[in-house]
Amino acid sequence: MDSPPSCELDQTKSLPTLSRRASAPNLVSMPDHTHQPADARSRIPHVGTYRRVLPVSLERMYENALDWAHLPFLHASSFAAIECLEAGSSGWRARVTSQAGVVSEIELHLDRHIRRWITRTLEGANAGAEIWTHAFPIAARRTDIVVDFFVPDVTADARAKVGAALGALYERLYDEDVAMMVERQRELDRRIDGGRLNETMVLGRRDALSFPLEIEFRGRPLIVCAATTAADAPLIVYPARCPHQLGPLSSVPVDGVVTCPWHGYRFALATGECLTGSACRLDLWACAEVDARGQVVVRAKS
Ligand code: FES
Ligand SMILES: [Fe+2]
């Protein structure tokens, strides 16, 4: 990735007094969300600061920052498309198309030593803008982030308005990111915890069930659905979690294909194959059949 940052935050300046209420007993003066005014001394105009305490670990935050591929899926209301030009363990560079059709080239550079990542717009709309994010772990799964927005060519009068707009945008983006990170953490924990090893699981009479149906079998979440709308259509069982990063595969399959909402991977339910080019595939390790009494029984494939 590119060279070191071109502007410096004044690390000696303390943040302005925080105004919103604390959300947990151990965070007496720390708000969950706050917006700070511009700092007029920056070389690139500083238009505001967004601060928030997130219920996730630093590890999940780094993973999220490096995850360029989720932008047009999880944040579909902001981004229409992304083309990765370069990616590695310390960042990425990509051509991004907004929902308004505006194309820009963006890079993100992560520096783990100082728990900071900088997002720069290299070309296109808002070229020269920089967003600096500092992360402060305050518990195993609680991270305080401070996000500073620097936007070139903004007059002093307009800074507050531009900063407020960016703060509102980041509020929404982080709402979406937090939902994904919390859910992924829950699934990672569940994988470690494991579950009971039942030989089979009876779901009930087929004509009383509505598909797709999410179940837990052998400690793993599965989805049972019918291959077609016919009353006697074969049943398909597949993991309820995406093999990429454990996103929820709970959307209704279309033509035998299920799509993950986090990065848009599509999987063929007949084979488990990823149709969007990834090497990962669904592990179709369980199946469901209707027994002589009309009951749907799930079991592991032999
Ligand atoms: S978690 Fe990434 S595509 Fe499903
Ligand atoms: Fe995100």
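A few comments on the model shown:
- The set of residues in region 34-57 that are surrounded by fewer than 19 Cβ atoms within 10 Å (Cβ to Cβ) and within 15 Å of residue 136 (Cα to Cα) comprises 55, 57.
- Among residues of region 228-253, those that are in a loop (DSSP other than H, G, I, E, B), more than 8 Å from ligand 1 (Cβ to nearest atom) and closer than 12 Å to residue 264 by Cα, counted: 1
- Candidates 190, 186, 172 - the one that is within 15 Å of ligand 2 (Cβ to nearest atom), under 21 Å from the mean Cα position of the chain (by Cα) and not aliphatic (A, V, I, L, M): 172
- Residue, nearest to residue 208 (Cα to Cα), within region 240-270, restricted to residues that are in contact (Cβ under 8 Å) with a residue 12 or more places away in the chain and among the β-branched types (Val, Ile, Thr): 252
- Leading residue by the ranking (farthest from ligand 1 (Cβ to nearest atom)) among those in region 44-87 that are among the acidic types (Asp, Glu) and within 17 Å of residue 183 (Cβ to Cβ): 59
- Any chance residue 144 is assigned by TED's automatic domain parsing to the domain that holds residue 116 and surrounded by 17 or more Cβ atoms within 10 Å (Cβ to Cβ): yes
- Within region 46-76, the only residue that satisfies the criterion of being within 12 Å of ligand 2 (Cβ to nearest atom), of a type in the set (Gly, Ala, Ser) and under 23 Å from residue 35 (Cα atoms) is 65.
- Residues within region 107-123 that are farther than 17 Å from residue 63 by Cβ and in contact with a helix residue (DSSP H, G or I) (Cβ under 9 Å, 6 or more places away or on another chain), tallied: 0
- Among residues of region 149-162 that are under 9 Å from residue 46 (Cα atoms), those with a Cβ under 7 angstrom from a residue that is of a type in the set (A, V, I, L, M, F, W, C) and part of a loop (DSSP other than H, G, I, E, B), sequence gap 6+ or separate chain, pair up as 150/7; 150/44; 150/129; 151/129; 152/44; 152/129; 159/38.
The values are calculated or read from the model by the stated rules, or taken from the named source; none is laboratory data. Bear in mind that the values here come from a model prediction, so they are computed numbers and not experimental data. All Cβ positions, glycine included, derive from the backbone under ideal geometry; neighbour counts span all protein chains shown.
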